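Asker: My structure is below; once you've seen it, I'll send some questions.
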Amino acid sequence: MFRSSSFHTIDAKGRIIIPSRFRNILKSDKVYGVMVSNKDDCLYAYSFSEWEKVENKILSTKTNAMADFRRFFLGNSCECMCDRQGRILIPKSLRKYANLEKEIVLVGNLDRFEIWDLNQWDKINKEMELKLKKEEVKEEIASLGL
């Protein structure tokens, strides 16, 4: 499971270093790398085993809206294999989608990790803080025992 956040830079070639705690998860999978796709103004990165589950869920839903999502999400996905230094190369089209230029954040989200532009991540975090202060959200979180 992917947890926590790491702050990094993306190099001029579009490579990012995967934190060691994430690499350990990826190394235990059948293939040492990730499937990356675009969603929510960031990139979603899945181990290959988790990616298979995502594809199966998407394929099991047959609606027009899902067909459009499938085209967008799967059509923009890319295999990114880890090199010996624990880096992956993010394709230019995906870097452009997520506005990844220099400062980035890798955010663990249990079954995947997300790759965010630092400025966008800061903006999203501030918006989330405001949402979490709403009473109905507080009640839902409290129902989890948190």
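What follows is calculated from the coordinates using simple rules that are stated; it is not laboratory data. All figures in this text were calculated on a predicted structure; none of them were measured in a lab. Backbone-built Cβ (ideal geometry, glycine too); neighbour counts: all protein chains shown.
Asker: Taking 28 Å as the cut-off for C-alpha to C-alpha distance, list the pairs among Lys13/Lys131; Lys30/Lys138; Lys30/Lys131; Lys92/Lys123; Lys39/Lys138 that go past it.
Answerer: Among Lys13/Lys131; Lys30/Lys138; Lys30/Lys131; Lys92/Lys123; Lys39/Lys138, the Cα-Cα distance tops 28 Å for Lys13/Lys131; Lys30/Lys138; Lys30/Lys131.
Asker: Identify, among Ser4, Asn38, Ile25, the residue whose Cα sits farthest towards the positive end of the charge dipole of the chain, taking +1 on the Cβ of Lys and Arg and -1 on the Cβ of Asp and Glu, with the dipole about the Cα centre.
Answerer: Ile25
Asker: Next up: How high is the relative contact order of segment 1-101, in percent, counting Cα pairs under 8 Å that sit 6 or more residues apart?
Answerer: Values: 115 pairs, mean separation 37.2, N = 101.
The normalised contact order for segment 1-101 reaches 37 percent.
Asker: Please state the charge dipole magnitude for the chain, taken about the Cα centre, from unit charges on C-beta atoms (+1 on K and R, -1 on D and E), reported in debye and rounded to the nearest 20.
Answerer: 460
Asker: Show me 62-75, 125-138 ranked by packing, highest mean number of other Cβ atoms within 10 Å first.
Answerer: Most protected by this proxy first, the peptides run 62-75, 125-138.
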